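> Before we start, here is the structure in question, set down as structure tokens.
Since every read-out is calculated from the coordinates, none of them should be taken as a lab result. Here the structure is a predicted model, which means the values were calculated and not measured. Glycine gets a Cβ as well: all are built from the backbone with ideal geometry, and neighbour counts include every protein chain shown.
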Amino acid sequence: MNSAQASMAINIRQVGVIGGGQLAWMMREAAQQLGLEVVVQTPHTTDPALSNHLQSESALAVKAVLAPVDDAVATARLAAQCQVITFENEFVDLDALRALETKGVCFRPGLSVLAALLDKYEQRYFLRSLGIPVPAFSVITPQTDLSDLGFSFPVVIKSRRHGYDGQGTFVIHDAAELSQFWQGFAHEPTHLDQRFMVEAFVPFERELAVMAARSPTGEIALYPAVETYQEQQVCRWAIAPVTLSPTTQAQIQNIATQLLEKLEAIGIFGIELFLTPDGQVFVNEIAPRTHNSGHLTIDACNTSQFEQHLRAVCGLPLGDPALHTAGAVMVNLLGFETAVSDYVEQRQRLAAVPNATVHWYGKADAKPGRKLGHVTVLLDNSKRETAVAMAQHIESLWYPI
Ligand code: ADP
């Protein structure tokens, strides 16, 4: 079934999800409420989308294709069990999937949408071609002279593919750091031509993000923007609502709408933004899927990002994205111990915070820095100070002093 035919079909019952991490797990939870069945393609039964359900349901009730996410032969098996296939991560083999799309497999978002976004350099290029503001950027190799290209330090070097949670993003402050960076790849010099891009460091005042969904009929739903806070390039927390000038608000809405319409995108998209002290907005990154910055939608919005994504890819009417609380804060629970730990004590402390919901991903190995869960706390006011103080309180309960 192709995308157009699928949009006519009123009865999508099985949704294939490539990837089995926490995003797929939370999508499964939302699918149950919608009466849909999710079948994941993931290599390990210990991955969150399988292990959490295997503990609570009979193993037979949990359908999966046990294979790496870039195994397109396995995706063909997934397609045989589902009417539509979507993605929870970007580590796919697009060329191999195209053969399936040609044979009629319905991917949402479509592969042409992913093709525009998966490579960070191509993504920047695409956004700039739409007139959407992005930081100055270029390809970079060890031979590149940054001053010839008009860059001055600091700059940010990024892996063009497969970066996540700040892995693959490097802030470079001076020439010595740059040379040290390249030395790290001295053993693999032949692969460096297309591996990285460089961009101007944006001295942002705040980082923002907005989740945006579009259905096959062109219906669009934009979530309230959130403020996110990153340390060492990893998201620590997100808060909503965020007070913005009407101009900035309108600009963000225009960026999100324009992007979804130009791409004819189907599904939910995470749009990460930089807001500078003088009110300029730059797009940092578009994720063609559910996103960490949208996790608070589960507890704080009328429709969670996971339900919204499923609604979009199944051709159902989109849900109301509005907040149903005065304010909310989401804090990521990052691993901090090398030893295997399930952090029971810390989780109990967090669960005792009034209006808090702990989402624990049940990962088999709790490496330092790994996202093991998140907590959302609903707040009785929309003040930024209240939300930031709550984020700090949650972190003080989670991390050792
Ligand atoms: P990932 O895709 O791994 O999440 P990002 O490219 O989104 O990585 O970068 C992670 C974080 O690094 C951002 O949230 C931001 O804090 C910082 N960062 C990335 N690019 C820039 C930039 N051009 N200027 C300033 N900070 C940046």
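> All but one of (1) in a loop (DSSP other than H, G, I, E, B); (2) more than 10 Å from the ligand (Cβ to nearest atom) hold for His162; state the number of the condition that does not hold.
All conditions are met except number (2).
> How about region 88-129: which of its residues are under 17 Å from Gln194 (Cβ atoms) and among the polar types (S, T, N, Q)?
So the first thing to find is which residues in region 88-129 are under 17 Å from Gln194 (Cβ atoms), and the list is 90, 93-95, 115-126.
Passing the criteria: only Gln123.
> Regarding Leu114, is this residue part of a helix (DSSP H, G or I) and within 16 Å of the ligand (Cβ to nearest atom)? Can you show your working first?
Values: part of a helix (DSSP H, G or I): yes; within 16 Å of the ligand (Cβ to nearest atom): yes.
Yes.
> Quick one: in region 108-132, which of the residues that are among the aromatic types (Phe, Trp, Tyr) and over 18 Å from the mean Cα position of the chain (by Cα) is surrounded by the most Cβ atoms within 10 Å (Cβ to Cβ)?
Only one residue fits best here, namely Phe126.
> Output the residues belonging to region 89-100 that are touching a residue at least 12 places away in the same chain (Cβ under 8 Å), in a helix (DSSP H, G or I) and under 25 Å from the mean Cα position of the chain (by Cα).
Hits for region 89-100 are Leu94, Ala96, Leu97, Arg98, Leu100.
> Is there a residue being farther than 24 Å from Phe91 by Cβ and within 16 Å of the ligand (Cβ to nearest atom) anywhere in region 298-315?
Scanning region 298-315 turns up no residue that is farther than 24 Å from Phe91 by Cβ and within 16 Å of the ligand (Cβ to nearest atom).
> Among the helices (runs of 4 or more DSSP H) contained in region 253-354, which hold 2 or more residues that are more than 19 Å from the chain's Cα centre (by Cα) and touching a residue at least 40 places away in the same chain (Cβ under 8 Å)? Working first, answer last.
On the way: elements: 297-300, 305-313, 344-351.
Of the helices (runs of 4 or more DSSP H) lying wholly inside region 253-354, those with at least 2 residues that are more than 19 Å from the chain's Cα centre (by Cα) and touching a residue at least 40 places away in the same chain (Cβ under 8 Å) span 344-351.
> Specify the residue that is farthest from the ligand (Cβ to nearest atom); the eligible residues are those in region 239-254 that are touching a Gly at 6+ places or on another chain (Cβ under 8 Å) and under 20 Å from Thr297 (Cα atoms).
In this case the residue turns out to be Pro241.
> Just to be sure I understand the filter: pairs with C-beta atoms under 6 Å, separated by 6 or more residues or on different chains, first member in region 21-50 and under 21 Å from Asp342 (Cβ atoms), second member part of a strand (DSSP E or B) and of a type in the set (Val, Ile, Thr). Which pairs pass?
Ala24/Val17; Ala24/Val40; Arg28/Val38; Ala49/Val40
> Cβ-Cβ under 7 Å, sequence separation 6+ or interchain: first residue in region 64-88 and free of Cβ contacts under 8 Å to residues at least 12 places away in the same chain, partner not in a strand (DSSP E or B). Which pairs?
Pairs that qualify, where the first residue is free of Cβ contacts under 8 Å to residues at least 12 places away in the same chain and the partner is not in a strand (DSSP E or B): there are none.
> Kindly evaluate Thr257 against the criterion of being among the polar types (S, T, N, Q) and either within 16 Å of the ligand (Cβ to nearest atom) or under 21 Å from Cys106 (Cβ atoms) (or both).
no
> Going through region 182-238 one residue at a time, which ones are assigned to a loop (DSSP other than H, G, I, E, B), within 16 Å of the ligand (Cβ to nearest atom) and either touching a helix residue (DSSP H, G or I) at 6+ places or on another chain (Cβ under 7 Å) or over 30 Å from Met390 (Cβ atoms) (or both)?
Arg195, Ala225
> As an exercise: evaluate Glu122 against (1) under 23 Å from Asp174 (Cβ atoms); (2) away from the ligand (no atom under 12 Å from the Cβ) and give the number of the one condition it does not meet.
(1) is the only condition that Glu122 fails.
> Sticking with this one: Which one of the conditions (1) free of Cβ contacts under 8 Å to residues at least 60 places away in the same chain; (2) part of a strand (DSSP E or B); (3) touching a Leu at 6+ places or on another chain (Cβ under 6 Å) does Val156 fail to meet, given that it meets all the rest?
(3)
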